[in-house]
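The values are calculated or read from the model by the stated rules, or taken from the named source; none is laboratory data. Note that the coordinates shown come from a computational prediction; the quantities given were computed from them, not determined experimentally. Ideal geometry is used to build each Cβ from the backbone, glycine not excepted, and the neighbour counts take in all protein chains shown.
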Amino acid sequence: MKALPVRTALASALTLAFAAGAGAATPVPAARPSLDAIEIGRANPAVILLRAGIFDPANQMLDAAGWARGPDGIRAKGGKKMKFVFQTSANGIRQKVQAVIKQACQKAGIDLELKSVTASVFFASDVANPDTAVKFWADMQMFASTMGEPDPGTFMERFVSWQIASKANKWQGRNIVRWNSPEFDKLFRAAEVAVDPLQRAALFIQMNDLAVKNVAVIPLMSRRRVSGVARKLAITSSGWDLDLSALHDWYREA
């Protein structure tokens, strides 16, 4: 999937499907459609398109790129059909989402072959297994990944070139999509030494936009962590640790 117009059209079809309500297939508390790899708090452009009555930009993009529909409705170019393998872990909700995505792609003339892998295999680090997420031997794959701390530094390592997963590093690199962008690398190195928090935040927003616009990742939903406490319970909490990490400091108010 090397052609950017094809990746962009695919991302458009998926994000519009979720913004139109397909995200209901994933009943996760506090989840909302999002087009950002990290939490930035911006309006979802897909929702804006829908409100403007624009429902099929993917079709327009593929038409412009020369991918014509065949008699079976599937697009082709240069004798090659637009068909991709889409894998994820075996899970009832994820298979529902796969079906939603397949339907959205069919409307755009894209044929998806759905593949589900046992979760213990998909998320394993077994270097001999061809079906792991880190090997990513498919055209597309889906899984949930959250940023465990407020700072996005560690999370965004998944797009730097020195973290590309490969046979040489026994598939241990965090960049499993194997995207290589010198511009992204430069921004990341600048963020590592930035001391001004506003400058650092701006650098990470640029990194996010670069990865998303180049379709190194197709964000679909932002899954926020939800916690609740009793009204009279005074607690100490931090985004840098687990909910119960400061349990020894909790107390009940009179």
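Details
- Checked against the criterion of being under 25 Å from residue 119 (Cβ atoms) and either assigned to a helix (DSSP H, G or I) or not β-branched (Val, Ile, Thr) (or both), the stretch 176-187 contains one or more residues that satisfy it.
- Among the residues of the stretch 63-95, those identified as in contact with a strand residue (DSSP E or B) (Cβ under 6 Å, 6 or more places away or on another chain), touching a residue at least 24 places away in the same chain (Cβ under 8 Å) and not polar (S, T, N, Q) are 67, 69, 74, 75, 82, 83, 84, 85, 86, 90, 94.
- Matching residues, the stretch 96-110, being in contact (Cβ under 8 Å) with a residue 60 or more places away in the chain and among the basic types (Lys, Arg): 96, 107
- Among strands (runs of 3 or more DSSP E) entirely within the stretch 78-164, having at least 2 residues that are among the polar types (S, T, N, Q) and either surrounded by fewer than 15 Cβ atoms within 10 Å (Cβ to Cβ) or under 19 Å from the mean Cα position of the chain (by Cα) (or both) singles out 83-89.
- In the stretch 219-254, the residues that are touching a residue at least 24 places away in the same chain (Cβ under 8 Å) and part of a loop (DSSP other than H, G, I, E, B): 219, 220, 224, 225, 226, 239, 240
- Residue count for the stretch 179-205, restricted to those that are buried (at least 17 other Cβ atoms within 10 Å of the Cβ) and closer than 25 Å to residue 136 by Cβ: 6.
- Only one of the numbered conditions (1) touching a Gly at 6+ places or on another chain (Cβ under 6 Å); (2) modelled with pLDDT under 65 is violated by residue 77, and that is (2).
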